[in-house]
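Colleague: Starting off with a structure, shown below.
A short reminder: the numbers here are calculations on the coordinates, not readings from a lab. Since the model is a prediction, treat every value here as computed from it, not as a measurement. Note that each Cβ is placed from the backbone with ideal geometry, even for glycine, and that neighbours are counted across all protein chains shown.
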Amino acid sequence: MAYWLFKSEPDTWSWDQQVAKGAAGEEWNGVRNYQARNNMRAMKLGDLGFFYHSNQGKEIVGIVEVSAESHPDSTTDDPRWDCVDIRAVKPLARPVTLEQAKVEPRLAEMVLVNNTRLSVQPVAEAEWKVICELGGL
DNA sequence: GCCAACGTTGGC
DNA sequence: GCCAACGTTGGC
């Protein structure tokens with residue numbers, strides 16, 4: 001079991017929209033970055049991830065689950081780009097902000113804090129537990 | 001709205 | 001294969 005973090009601008013694709021897709025989930029498409037794509041290719045069915053709102057909110061708002069492993073991105077014919085499907089699992093009781101993550105010593109190595117531009121990131125198990133704790137789960 | 005960080009593209 | 005130019009992301 002691995003842990004991940006998916007970043008999205010709420011104006012483009014929000015947590016509420018993700019929740020509305022229900023158990024079927026939705027393609028996490030539109031990623032045009034090799035590192036992010038490689039992370040998605042490494043994902044297994046049932047892996048969990050955080051859903052992060054960039055720009056507006058700048059906070060982790062919920063937990064998602066990989067509902068389909070890597071497959072071609074339906075929004076392009078370019079064979080380079082693959083994506084996974086994810087479905088909403090549950091919201092955090094309290095969203096965890098980027099600011100909180102930055103001041104938490106146990107999250108000092110987190111990709112979210114150190115490489116803000118990567119849109120699909122791996123999350124270490126220890127980091128996962130800290131965020132869940134801060135999020136009131 | 002600005003700008004820093006980063007990734008990609010394309011000329012040489 | 002290097003590197004400058006450019007585009008995009010995302011925090012502030």
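Colleague: Limited to the stretch A:26-59, what total is found for residues that are assigned to a loop (DSSP other than H, G, I, E, B) and either within 16 Å of DNA strand B (Cβ to nearest atom) or at negative phi (or both)?
Modeller: Final tally of qualifying residues: 16.
Colleague: All but one of (1) in contact with a strand residue (DSSP E or B) (Cβ under 9 Å, 6 or more places away or on another chain); (2) closer than 16 Å to A:Ser119 by Cα; (3) within 16 Å of DNA strand C (Cβ to nearest atom); (4) in contact (Cβ under 8 Å) with a residue 40 or more places away in the chain hold for A:Thr75; state the number of the condition that does not hold.
Modeller: (2)
Colleague: Failed condition for A:Glu133, given (1) in contact (Cβ under 8 Å) with a residue 40 or more places away in the chain; (2) outside any loop (DSSP other than H, G, I, E, B); (3) surrounded by fewer than 13 Cβ atoms within 10 Å (Cβ to Cβ), with all others met?
Modeller: Result: A:Glu133 fails condition (1) only.
Colleague: Keeping to the stretch A:110-124, report how many residues are touching a Phe, Trp or Tyr at 6+ places or on another chain (Cβ under 9 Å) and either more than 11 Å from DNA strand C (Cβ to nearest atom) or without any contact (Cβ under 8 Å) to a residue 12 or more places away in the chain (or both).
Modeller: 3
Colleague: State all residues of the stretch A:93-124 that are touching a strand residue (DSSP E or B) at 6+ places or on another chain (Cβ under 6 Å), away from DNA strand B (no atom under 16 Å from the Cβ) and not hydroxyl-bearing (Ser, Thr, Tyr); if no residue qualifies, say none.
Modeller: A:Pro95, A:Val96, A:Val123, listed by residue number.
For every residue, the table says whether it meets (1) under 17 Å from the mean Cα position of the chain (by Cα); (2) within 16 Å of A:Ala2 (Cβ to Cβ).
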| site | (1), (2) |
| --- | --- |
| A:Gly49 | yes, yes |
| A:Thr76 | no, no |
| A:Leu98 | yes, no |
| A:Lys102 | no, no |
| A:Met110 | yes, yes |
| A:Glu133 | no, no |
